Amino acid sequence: MDGVFGNAGAFVVTADEAAGLLSISKRHFLRMVTSGRAPQGIRLGRCVRWRRDVLARFIERGCKMEDAA
């Protein structure tokens, strides 16, 4: 995958890492997720992670959610 992430790293990221990619605080990122303005994470056991490809599309769209068509 080219674009925002290149070929770097893990398939999923933490809330801290996702917030860093968006250059916002973790708290603001989690508020965006809760209000539906950012992608929902996936639960892995007790942890929540965000898929890199989903975040890349979110960033490429200018941090706008896809319309449910």
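Only one of 59, 24 is surrounded by fewer than 17 Cβ atoms within 10 Å (Cβ to Cβ), at pLDDT 90 or above and not in a helix (DSSP H, G or I); which?
Values: 59 fails: not in a helix (DSSP H, G or I).
The unique qualifying residue is 24.
A quick yes/no check of all residues on (1) at pLDDT below 95; (2) in a loop (DSSP other than H, G, I, E, B); (3) open to solvent by less than 60 Å² (accessible area, probe 1.4 Å):
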| residue | (1), (2), (3) |
| --- | --- |
| 2 | yes, yes, no |
| 6 | yes, yes, yes |
| 9 | yes, yes, no |
| 17 | no, no, no |
| 31 | no, no, no |
| 34 | no, no, no |
| 49 | no, no, no |
| 53 | yes, no, yes |
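Which residue pairs have Cβ atoms closer than 9 Å, lie 6 or more positions apart in sequence or on different chains, and pair a first residue in segment 38-56 that is farther than 15 Å from residue 26 by Cβ and in contact (Cβ under 8 Å) with a residue 40 or more places away in the chain with a second residue that is part of a helix (DSSP H, G or I) and open to solvent by 30 Å² or more (accessible area, probe 1.4 Å)?
52/21; 56/21
Scanning segment 36-47 for residues that are at negative phi and open to solvent by 40 Å² or more (accessible area, probe 1.4 Å), which turns out farthest from the chain's Cα centre (by Cα)? Outline the logic, then answer.
Initially, segment 36-47 is screened for residues at negative phi, giving 37-44, 46-47.
Checking which are open to solvent by 40 Å² or more (accessible area, probe 1.4 Å) leaves us with 37, 40, 42-44, 46-47.
On the way: 37: 11, 40: 8, 42: 10, 43: 13, 44: 15, 46: 18, 47: 15 Å.
The qualifying residue farthest from the chain's Cα centre (by Cα) is 46.
The values are calculated or read from the model by the stated rules, or taken from the named source; none is laboratory data. Model, not experiment: these values are computed from the prediction. Backbone-built Cβ (ideal geometry, glycine too); neighbour counts: all protein chains shown. The area values use the complete protein model at the heavy-atom level, side chains included, leaving out ligands, DNA and RNA. Shrake-Rupley method; radii C 1.70, N 1.55, O 1.52, S 1.80 Å.
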